[in-house]
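The values are calculated or read from the model by the stated rules, or taken from the named source; none is laboratory data. All figures in this text were calculated on a predicted structure; none of them were measured in a lab. Backbone-built Cβ (ideal geometry, glycine too); neighbour counts: all protein chains shown.
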Amino acid sequence: MAVCVQAVLLALPGQGKVWFARMFWAGVGRILGLRLRLLGEYARHRPTLFVANHCSWLDIVALGAAMPGCFIAKAEVAGWPGIGLIAKLGRSVFVSRNRGSVAHEQRLLEARLERGDNFILFPEGTTSDGNRVLPFASAFFTLAFGPARPWVQPVTIVYDELDGQQIRRGDRPEIAWYGDMDLAPHLARLLRRRSVRATVLFGEPLPPGSFANRKAACAALERLISQHAAALRQGRALPYASAAQP
């Protein structure tokens, strides 16, 4: 039913397709036992490039429910059974990173930004084990300096509770999906759990012109998100007192 509704909304003008996608991800999260703790607020500026760390396929569900944005996904995802269809209905943009198609893909992304679409970007380029943030690739930040001149907001996601208990370092592979892990067994293990909590921290939105170039943006955002992730994993206080539960 949700697939049919979103297919219709995609053909209509307005923001219905954006808000329905968030409702869809929130529903998937409830099925998976995912609880969200949101610190701060997502940027209301359009377009915004949300820059986030990445450790699991579950990030898609959590961040898709937490903010109005489309994902930038690797081209292989488009062909995955079920998941590819959901990604397309969520208006994801698939990129191959092949030299011959980079220019076309860049124009497509910039056109979407100019129409006011927000994007959720994972500049690590892959998933981590959840105990660290991998180095960011500066090439991903080209979008921040294109003609659409989007705002940029750092977003940090950390899974900090499993079945109501604080997650320990050894528990993180239960949630993190990385390396050569198979998706089906990983999903089956997670479904046996009663609940998992993700804390999503929205950093300060940064207007166009906040960075001299993409390398400066990459270095600054990697440092900030790494610091925020470490603080959240360790339970240290952060300068965002407000928390909202969707």
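Just a few scattered comments:
- Residues located in the range 37-69, provided they are free of Cβ contacts under 8 Å to residues at least 60 places away in the same chain, farther than 18 Å from Thr127 by Cα and buried (at least 23 other Cβ atoms within 10 Å of the Cβ): Gly69
- Residue match in the range 184-195 (condition: without any contact (Cβ under 8 Å) to a residue 60 or more places away in the chain, touching a strand residue (DSSP E or B) at 6+ places or on another chain (Cβ under 6 Å) and aliphatic (A, V, I, L, M)): no
- All of Asp163, Asp129 fail the test of being at positive phi and surrounded by fewer than 17 Cβ atoms within 10 Å (Cβ to Cβ), apart from Asp163.
- Verdict on Leu183 being out of contact with any Phe, Trp or Tyr (no Cβ under 8 Å at 6 or more places or on another chain) and within 30 Å of Phe24 (Cα to Cα): no
- Here the range 115-125 is the region considered, the condition is being in contact with a Gly (Cβ under 9 Å, 6 or more places away or on another chain) and assigned to a loop (DSSP other than H, G, I, E, B), and the residue that is nearest to Ile157 (Cα to Cα) is Asn118.
- Enumeration of residues in the range 161-187 that are in a loop (DSSP other than H, G, I, E, B) and of a type in the set (Asp, Glu): Asp163, Asp180, Asp182
- Among the residues listed as Ala198, Ala217, Ala229, the single one being in contact with a helix residue (DSSP H, G or I) (Cβ under 9 Å, 6 or more places away or on another chain), under 17 Å from Phe50 (Cβ atoms), in a helix (DSSP H, G or I) and among the small types (Gly, Ala, Ser): Ala217
- Hits in the range 25-35 - residues which are crowded, with 20+ Cβ neighbours inside 10 Å and either outside any helix (DSSP H, G or I) or at pLDDT 95 or above (or both): Leu34
- Subset of the range 152-178 [of a type in the set (Gly, Ala, Ser) and in contact (Cβ under 8 Å) with a residue 40 or more places away in the chain]: Ala176
- Pro154 fulfils the conditions (1) in contact with a Lys or Arg (Cβ under 7 Å, 6 or more places away or on another chain); (2) at pLDDT 95 or above except for a single criterion, (1).
- Scanning the range 176-219 for residues that are of a type in the set (Asp, Glu) and modelled with pLDDT under 90, we see that the one that is surrounded by the fewest Cβ atoms within 10 Å (Cβ to Cβ) is Asp180.
- Here Arg112, Arg149 are screened, and the one residue that is closer than 19 Å to Ala43 by Cβ, among the basic types (Lys, Arg) and assigned to a helix (DSSP H, G or I) is Arg112.
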